[in-house]
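Peer 1: The structure follows.
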Amino acid sequence: MTIPYTRGDSFSGGDSREHIKRALVGYGATDVLFSQRGHRSAIAFRGGGRQFRIVLSLSQSDEIPLGRGDTAEGPVREAKSKVIERANRRSWHALALAIDAKLAAVAAGISTLEAEFLAHVVLPGNRTVFDELEPVIDSAYRSGRRPLFGDSAPSTPAAAPEIPADVPVLHPVPGPAALGWA
């Protein structure tokens, strides 16, 4: 039997946001801010000399059509509002769990703050790493070619990281053309 806590139903969105803020501050983050614009909420913070922003899309009442001309429109609207509220509570709870897991990996020395939140690093120009890299990665998969990063190739190749002998060798993923998708 699943208890309400594990489903994210027993905490309000505000409780989850407060939990996120306390967890981040506990790991040394500063300037933790929440904002909302339309159906999108965001959390921004600073840590490890970087700025981070995580955007969360939330459900809104205009996404669920209402019946018209029925005397039950009020109760229907109220029921739909509760469904939306529960979905948004679950989203905030899931984000809180994800952030807890990332911070636990950092605390255990498994990862770094930058690695765990890399997609959410805010670059100059107010775009995130994900915003910048998503089209590059998409293009690489469509073309089957390795993307070039930066303005030019490095003058000397970087040394390959040392990999233990017992780690299996990963083979490159074939491009769309090799799979017959292009």
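The values are calculated or read from the model by the stated rules, or taken from the named source; none is laboratory data. Because the structure is a prediction, the values reported are computed rather than measured. Neighbour counts run over all protein chains shown; Cβ positions are idealised from the backbone, glycine included.
Peer 1: Restricting to the stretch 98-112, count the residues that are among the aliphatic types (A, V, I, L, M) and assigned to a loop (DSSP other than H, G, I, E, B).
Peer 2: 2
Peer 1: Being under 15 Å from the mean Cα position of the chain (by Cα), modelled with pLDDT of 90 or more, acidic (Asp, Glu) and within 20 Å of ARG17 (Cα to Cα): is that true of ASP100 here?
Peer 2: yes
Peer 1: Looking only at the stretch 40-59, which residues are assigned to a strand (DSSP E or B) and out of contact with any helix residue (DSSP H, G or I) (no Cβ under 7 Å at 6 or more places or on another chain)?
Peer 2: Hits for the stretch 40-59 are ARG40, SER41, ALA42, ALA44, ARG46, GLN51, VAL55, SER57.
Peer 1: Determine whether ASP62 is farther than 21 Å from PHE11 by Cβ, modelled with pLDDT under 80 and not in a helix (DSSP H, G or I).
Peer 2: no
Peer 1: Condition first: at pLDDT 85 or above and over 17 Å from the mean Cα position of the chain (by Cα). Can you find one or more residues in the stretch 49-57 that meet it?
Peer 2: yes
Peer 1: Scanning the stretch 8-39 for residues that are out of contact with any helix residue (DSSP H, G or I) (no Cβ under 8 Å at 6 or more places or on another chain), small (Gly, Ala, Ser) and not in a helix (DSSP H, G or I), which turns out modelled with the lowest pLDDT?
Peer 2: Ranking the candidates gives GLY38 first.
Peer 1: Moving on. Tell me, please, whether a residue that is part of a helix (DSSP H, G or I), small (Gly, Ala, Ser) and in contact with a His (Cβ under 8 Å, 6 or more places away or on another chain) can be found in the stretch 113-128. Break it down into steps so the answer makes sense when it comes.
Peer 2: If we filter the stretch 113-128 for residues that are part of a helix (DSSP H, G or I), which is where we start, we get 113-116, 118-120.
Next, only the ones that are small (Gly, Ala, Ser) stay: 115, 119.
Among the residues that remain, those that are also in contact with a His (Cβ under 8 Å, 6 or more places away or on another chain) are: none.
For the stretch 113-128, residues part of a helix (DSSP H, G or I), small (Gly, Ala, Ser) and in contact with a His (Cβ under 8 Å, 6 or more places away or on another chain): absent.
Peer 1: Scan the stretch 8-38 for residues that are surrounded by 15 or more Cβ atoms within 10 Å (Cβ to Cβ) and not aliphatic (A, V, I, L, M) and jot them down.
Peer 2: GLY8, PHE11, GLY13, SER16, ARG17, HIS19, LYS21, TYR27, PHE34
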